[in-house]
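Sharing a structure, written as structure tokens. Questions coming.
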Amino acid sequence: MKRLSIFFAVILGLGSIIFLPLDIQRSLHRFIIYFVLSFSMYFLYKTTLILPLGQCLFLALGSYCTVILQTYGWVLGIILAFILSVFMFYVLKNLDPMYFSLGSLCFMLMGQELSRILYDITGGADGIFRSFENGMAKGLLLGVLLTLSLLGYYTKEIKGRLYYQAELIKSGRTYAEAFGISFESVGAKVFVAMSVGVSILGISNALTEGYIVPASVFNPSLTVIPLAVALISHKLTDILTYLLLLLGIQEFLAHMGWGIQGMVLGGILMFLGYKLMSQEED
Amino acid sequence: MQTELLLSGISLGGVYGILALGLALILNIFGLANMGHGAIMVSGPLILICGLNLKAFGPLGYTSVLILALLLWFTWRFGFKVLSVEHSEGGSRRGSGILVMGLGLIKVVEELGAKLLPGGVIFLDYLSPEPGVIFNTPRVLAIALSVTICLLTRLFLKHTDTGRCILAVSQNPMAATIVGIKLKSINLIVFLYSVFLTVFSGVILASIVPLSPFWALELTIKALLIVGLARPFKITDIVLVSFGLGLFEVLISYYLGEEIRNLIIFATFIVILIYRSKLGLIYEKA
């Protein structure tokens, strides 16, 4: 029964994402964005128990740098993402996971406010536009390559030393330190890697869209949906299934034109939250 | 001008005080931060607007009130009741579950608010301020109501049996159960009282400033900031910190500009989170 429902969820999601939208490439790219964000949160939560609610900040950083600066904007985006993620981690590292999440959320909200205040550079609430030659194809290719690299990194790391380090950290930071595992080094490594990954996703987003506005890169859905998916997923295939289901339903409702996608999504999230509470602790 | 700023700051702080009081009750009894707290606050004026103008909104108004009522029931029945009674173990899953539920609640309220109010803001301007009059009635009423509610809550917690039971449960739920306190009833009372306070704070806020349904998350963060700075169940702390935050916000908006107000508030929140222990702001339970 479970397999049957997963099968139907995947069929519904794939159908809604591939056949309903007018622009399939854009729809696929949207799916990649959600997948990478969900994956980064899932990976961080599984290995360090950290739930970063501010990952969109890195998406915005990559996107804005690529659009604002002409040639080497993407390089600056990655460098800035690296520096900012290191700074954020070392500022918030001693906090409980809940407060770490809130702190990273505040960093993201500050970024959002800054993107509106610095209107001479970012275009403020109206956004900024730059067209790229073959932007869609380049962006999609970069997105696919990034996804494959992240999956490769995950497969390599999770089967190796990181798996044992993560298990020890889950038992408690002090306990892990007794075995010579430092939360700081593991957390910093994964957090910075995921943040830089998301900034590359931002570059891919800028190439695909060309037009960057705070409402799109700091869209609350980009935090809420990946977070919920990361929390309820037990394995990588779960991320795919839940994302296909959620985005498929959204796409279907948007296609019908009822304008209730957000409400339905909110209802589903509330139900998923309840399911999560009912699950037994790992 | 200074009197006007002071009045604006204190009235805004008073609203934050009631909001934070609702969150503090939940945080101390259930041990979890309700991320949907701001959404519950925004739903207050939404319900009031629909209730007062059911004919104007037509079927959309009835449906919205029904949806909001169902959401609150769902939050209790499958959220707080489940985590407080049936699943007393498994902290991280409980916390994550409530987090996801809260974010879902925010999503629904945002879209419902945007649908109901094409202008995008809720403003219960029942008494327009007269030109030249500094003490406009909604602001003075907001301050009076905030102070009264905080005082009544303090009296309720300190001088009634139910209030003492709430304090006992917040200190040690297991010991409270052993001495015969019905945990389920106390949890329900706290949840309902917190919802009442939060919804009420939303109504007062919408009467003094135009309230956007998209402020839900921001309001939750501000409430968390106040609760984080105050000692558990010390209502005087909550009131003082809230008034301080209200004044701080108004002064920043006036002297530095509206745009950077939130930027400074969020930066302050991060600084307080980091230096909480050094500032002596981590407390034992009440």
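The values are calculated or read from the model by the stated rules, or taken from the named source; none is laboratory data. This structure is a prediction, so every number in the text was calculated from the model and none was measured. As a convention, Cβ positions derive from the backbone with ideal geometry for all residues, glycine included, and neighbour counts pool all protein chains shown.
Does the range A:216-239 hold any residues that are of a type in the set (Ser, Thr, Tyr), out of contact with any Phe, Trp or Tyr (no Cβ under 9 Å at 6 or more places or on another chain) and more than 15 Å from A:ARG30 (Cα to Cα), and which are they?
Selection gives A:THR237 alone.
How many residues are assigned to a helix (DSSP H, G or I) and more than 7 Å from every other protein chain (Cβ to nearest Cβ) if we restrict to the range A:254-267?
Final tally of qualifying residues: 5.
In the range B:13-47, what residues are within 20 Å of B:ASN136 (Cβ to Cβ) and modelled with pLDDT under 90?
B:PRO45
Turning to a different aspect of this structure: Please verify whether B:LEU21 is within 25 Å of B:GLY163 (Cα to Cα), touching a Leu at 6+ places or on another chain (Cβ under 9 Å) and in a loop (DSSP other than H, G, I, E, B), treating the condition exactly as stated.
In short, no.
If you go through the range B:213-227 one residue at a time, do you hit one that is away from chain A (no Cβ under 14 Å) and of a type outside the set (Asp, Glu)? So that I can check it myself, show each step before the final result.
The first filter runs over the range B:213-227 and keeps only residues away from chain A (no Cβ under 14 Å), leaving none.
Looking for residues that are away from chain A (no Cβ under 14 Å) and of a type outside the set (Asp, Glu), one finds none in the range B:213-227, hence no.
Still on this model: When only residues in the range B:101-118 that are over 18 Å from the mean Cα position of the chain (by Cα) and modelled with pLDDT of 75 or more count, which is farthest from the other protein chains (Cβ to nearest Cβ)? Quick ask: steps written out before the conclusion?
Residues of the range B:101-118 that are over 18 Å from the mean Cα position of the chain (by Cα), as a first pass: B:111-112, B:114-118.
Right, trim to modelled with pLDDT of 75 or more and you get B:111-112, B:114-117.
Values: B:GLU111: 3, B:LEU112: 6, B:ALA114: 8, B:LYS115: 7, B:LEU116: 12, B:LEU117: 14 Å.
Residue satisfying both the conditions and the ranking: B:LEU117.
Considering only the range A:178-202, state which residues are among the aliphatic types (A, V, I, L, M) and farther than 16 Å from A:PHE35 by Cβ. Step through it out loud before you land on a result.
Going residue by residue through the range A:178-202, those that are among the aliphatic types (A, V, I, L, M) are A:178, A:181, A:186, A:188, A:190, A:192-194, A:196, A:198, A:200-201.
Scanning the range A:178-202 gives A:ALA178, A:ILE181, A:VAL186, A:ALA188, A:VAL190, A:VAL192, A:ALA193, A:VAL196.
So, in the range B:257-280, exactly how many residues are modelled with pLDDT of 80 or more and on the phi > 0 side of the Ramachandran plot?
1
Further question on the same structure: For the range A:190-242: of the residues being over 26 Å from A:LYS159 (Cβ atoms), within 14 Å of another protein chain (Cβ to nearest Cβ) and more than 15 Å from the chain's Cα centre (by Cα), which is surrounded by the fewest Cβ atoms within 10 Å (Cβ to Cβ)?
A:ALA215
Oh, and also: When you look at A:ILE225, is it assigned to a helix (DSSP H, G or I), under 26 Å from A:MET263 (Cα atoms) and out of contact with any Cys (no Cβ under 9 Å at 6 or more places or on another chain), yes or no?
In short, yes.
If we only count helices (runs of 4 or more DSSP H) wholly inside the range A:78-189, which ones have 2 or more residues that are surrounded by fewer than 16 Cβ atoms within 10 Å (Cβ to Cβ) and more than 14 Å from every other protein chain (Cβ to nearest Cβ)?
On the way: elements: A:97-117, A:119-122, A:135-158, A:161-171, A:173-178.
It comes to A:135-158, A:161-171, A:173-178.
Among the residues of the range A:52-67, is any surrounded by fewer than 23 Cβ atoms within 10 Å (Cβ to Cβ) and either more than 14 Å from chain B (Cβ to nearest Cβ) or at pLDDT below 85 (or both)?
There is no residue in the range A:52-67 that is surrounded by fewer than 23 Cβ atoms within 10 Å (Cβ to Cβ) and either more than 14 Å from chain B (Cβ to nearest Cβ) or at pLDDT below 85 (or both).
Test B:THR137 against the stated conditions and say whether it is touching a Leu at 6+ places or on another chain (Cβ under 7 Å) and either exposed (fewer than 15 other Cβ atoms within 10 Å of the Cβ) or at pLDDT 90 or above (or both). Steps first, please.
Numbers: touching a Leu at 6+ places or on another chain (Cβ under 7 Å): yes; either exposed (fewer than 15 other Cβ atoms within 10 Å of the Cβ) or at pLDDT 90 or above (or both): yes.
Yes.
Count, please, the residues in the range B:14-47 that happen to be hydroxyl-bearing (Ser, Thr, Tyr) and over 21 Å from B:PHE248 (Cα atoms). Break it down into steps so the answer makes sense when it comes.
Narrowing the range B:14-47 to residues hydroxyl-bearing (Ser, Thr, Tyr): B:16, B:43.
Cutting the leftovers down to over 21 Å from B:PHE248 (Cα atoms) gives us B:43.
Matching residues across the range B:14-47 total 1.
Taking the range A:117-165 only, how many residues are touching a strand residue (DSSP E or B) at 6+ places or on another chain (Cβ under 6 Å) and aromatic (Phe, Trp, Tyr)?
Total satisfying the criteria: 1.
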